[in-house]
Amino acid sequence: MDSIDRDSGELLVRRVMWRIMPLLIGMMLLAVIDRSNVGYAKLQMVSHLGLTETTYGLASSLFFIGYSIFEVPSALAAHRFGARLWFARILITWGILTVALGFTFSGSLFAAVRFLVGVAEAGAYPGIIFYLTLWFPKRYRVQAVALLTIGSPLGNMFGSLFGGALLDLDGMLGLAGWQWVFIMTGAPTLILVALILKYLPDNPQTAGFLSTAEKTWLAQELGRDDSAETMHSNPLRVLIDLRVWWFAFVYTMITLSLYGIIYWLPTVVKGFGTTGTQNGLLNALPWAVAAVVLVWLPRHLREHRTVLIGMALIALCGMAAFFTSTLLTQNWMRYVALAVGTPCISLLFPCFWYLPSQIFKGAHAAAAIAAISTIGSLGGFAAQNLMPWVAQWAGSPLAAMAVPAAALAVLVASALIMLMTWRVTPGTGFTLSSVAPADTKRSQALS
């Protein structure tokens with residue numbers, strides 16, 4: 001292929017997606033399973049270790065503290081050392097530590113290892129988001145991010161199916177059901193390591209499956225996207241960029257709702273009188289719906305207005321569903337409301353990550369995306385503490401669904417604010433204003 005026209009370019013990007021996205025989706029899937037397993041282990045582990053719901057919630061939420069502290073350094077390391085080796089390092093360490101959780105027999109040890117799992121996994125998601133910017137031009141990026149996001153509902157679906165069923169293995173080989181949950185959700189990461197090392201290139205220029213002409217075309221397309229203003233400076237300068245803080249706030253609301261549901265939905269469904277396997281099946285269905293819709297959604301998110309309008313409508317639907325679930329009296333009605341609201345949260349991720357990926361470039365992109373993910377991941381810490389606290393205060397596990405409902409209400413308002421204040425800058429796409437230093441003021445547009 002000596003020259004590449006637009007149609008050939010489309011086919012090339014599609015081939016790249018088929019080549020690298022399955023590995024990234026697999027990594028995302030396992031990361032989500034790694035975060036959801038505590039919701040199922042809790043159903044037995046609390047009584048076995050003599051913990052309260054609030055104590056267990058605090059211990060499990062320390063994952064997000066470890067994750068947040070090491071998020072930015074780890075994401076920058078992926079930029080420095082290459083995605084292939086750094087992703088492999090992340091997978092090996094978090095897999096071993098997740099298996100180790102199955103052998104923690106005190107609350108303090110569980111809390112310590114849970115913190116270390118967060119440290120090990122730090123940098124995975126922002127590293128992947130940054131990795132996508134090395135491969136996909138702007139007009140294809142929302143599709144790539146949405147494909148990646150499919151790993152989230154699939155992870156929750158498989159995590160639910162396996163988590164519930166693994167609880168029913170209680171007593172097999174002398175191990176409790178909660179121990180099987182951690183062992184069997186940690187082991188698959190070691191398999192993915194081998195695939196990452198063998199098949200995932202660091203960037204297009206090192207990809208053996210691309211010809212020289214194809215590498216040149218991708219470099220030209222990506223270079224054209226990078227014509228907008230870029231900050232080449234100390235990565236810590238992202239902390240004085242108001243765009244980063246705004247995105248981090250919005251992302252916190254998304255993670256607060258997501259991890260609240262992932263962590264607490266198994267507890268609510270258990271209250272319906274289900275077995276472990278039945279609990280897993282009922283939890284898996286909403287995530288399966290989310291995965292299907294995520295295949296359809298990206299083609300309708302091609303510019304900022306459709307992204308923001310979609311974000312507002314999806315959040316509004318989820319808010320209404322979760323709030324309604326707290327008012328209904330029949331379990332089947334409650335489940336239907338929860339099954340409607342749960343997929344809405346997953347659908348917010350491609351909408352959200354489309355926005356910062358259009359603005360930040362180069363090493364600054366790695367730092368900015370990592371900072372957003374770092375601050376936003378604290379929503380998971382808040383969720384795993386707020387859900388049991390609200391349930392205890394209200395005297396009902398279902399009452400905790402007011403937490404994701406409130407977070408989604410804030411997201412509706414945030415999306416509308418961005419829709420009303422975001423302007424398009426010709427030739428550079430849309431950007432947000434900030435109080436960044438003078439060398440970055442030229443491409444700012446949020447007033």
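A short reminder: the numbers here are calculations on the coordinates, not readings from a lab. What you are looking at is a predicted structure, and each value in this text was computed from that prediction instead of being measured. When we count neighbours, we look across all protein chains shown, and the Cβ atoms used for this are built from the backbone with ideal geometry, even at glycine.
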**Request:** Determine, for LYS198, LYS138, LYS42, LYS270, the number of other Cβ atoms within 10 Å of each Cβ, and report the residues in order from fewest to most.
**Result:** LYS198, LYS138, LYS270, LYS42
**FRET efficiency for THR277 and MET172, using Cβ-Cβ distance with R0 set to 22 Å, rounded to 0.05** = 0.95
**Prompt:** Quick one: Karplus J couplings for the range 278-289, per residue in order, coefficients 6.51, -1.76, 1.60, θ = phi - 60°, nearest Hz, x for Gly and Pro?
**Reply:** 4, 4, x, 4, 5, 6, 6, 4, x, 6, 5, 4
**Item:** Quarter of the Cα convex hull surface for the chain, i.e. its orientation-mean projected area (nm²)
**Value:** 20.2 nm²
**Request:** Just need log10 I(q)/I(0) for the range 101-215 at q = 0.17 Å⁻¹, Debye formula, equal scatterers on the alpha-carbon atoms, no solvent, rounded to two decimals.
**Result:** -1.04
**Message:** Under 8 Å for C-alpha pairs, at least 6 residues apart: give me the relative contact order for the chain, rounded to a whole percent.
**Reply:** 24 percent
**Prompt:** Roughly what angle does helix 107-121 make with the longest principal axis of the chain, taking Cα atoms, 0 to 90 degrees, to the nearest 10?
**Reply:** 20 degrees
**Request:** Could you give the size of the charge dipole of the chain about its Cα centre, using +1 on the Cβ of each K and R and -1 on the Cβ of each D and E, expressed in debye and rounded to the nearest 20?
**Result:** 420 debye
**Prompt:** Whole-Hz Karplus ³J(HN,Hα) for the range 216-224, in order, using 6.51 cos²θ - 1.76 cosθ + 1.60 and θ = phi - 60°, x for Gly and Pro?
**Reply:** 5, 4, 4, 4, 5, 5, 5, x, 5
**Item:** Exposure proxy ranking, count of Cβ atoms within 10 Å, fewest first, for THR374, THR54, THR421, THR189
**Value:** THR421, THR54, THR374, THR189
**Item:** Mean separation of Cα contacts under 8 Å (6+ apart) over length of the range 65-203, as relative contact order %
**Value:** 39 percent
**Request:** Would you mind ranking HIS48, HIS79 so that the residue whose beta carbon has the fewest other beta carbons within 10 Å leads the list?
**Result:** HIS48, HIS79
**Gain upon complete extension [LEU327, ARG224; 0.36 nm per residue less C-alpha separation]** = 31.8 nm
**Prompt:** For the range 29-57, list residues with backbone N below 17 Å from a point placed 7 Å from the Cα of SER106 toward its Cβ?
**Reply:** 48-52, 56
**Prompt:** Alpha carbon centre of the range 109-160 versus the range 364-408: separation in Å?
**Reply:** 17 Å
**Item:** the range 1-148: projected area of the alpha-carbon convex hull, averaged over directions, in nm²
**Value:** 10.1 nm²
**Fill in**
Scalar couplings 3J(HN,Hα) for the range 204-213 by Karplus 6.51 cos²θ - 1.76 cosθ + 1.60 (θ = phi - 60°), nearest whole Hz, x for Gly and Pro, are x, 5, 9, 7, x, 8, 9, 7, 4, 5
**Prompt:** What ranking, highest mean first, results for peptides 205-211, 82-88 when packing means the other Cβ atoms within 10 Å averaged over each residue?
**Reply:** 82-88, 205-211
**Item:** Helix-only [θ]222 nm of the chain, DSSP H runs n ≥ 4, -39500 (n - 2.57) each, per residue, nearest 500
**Value:** -26000 deg cm²/dmol
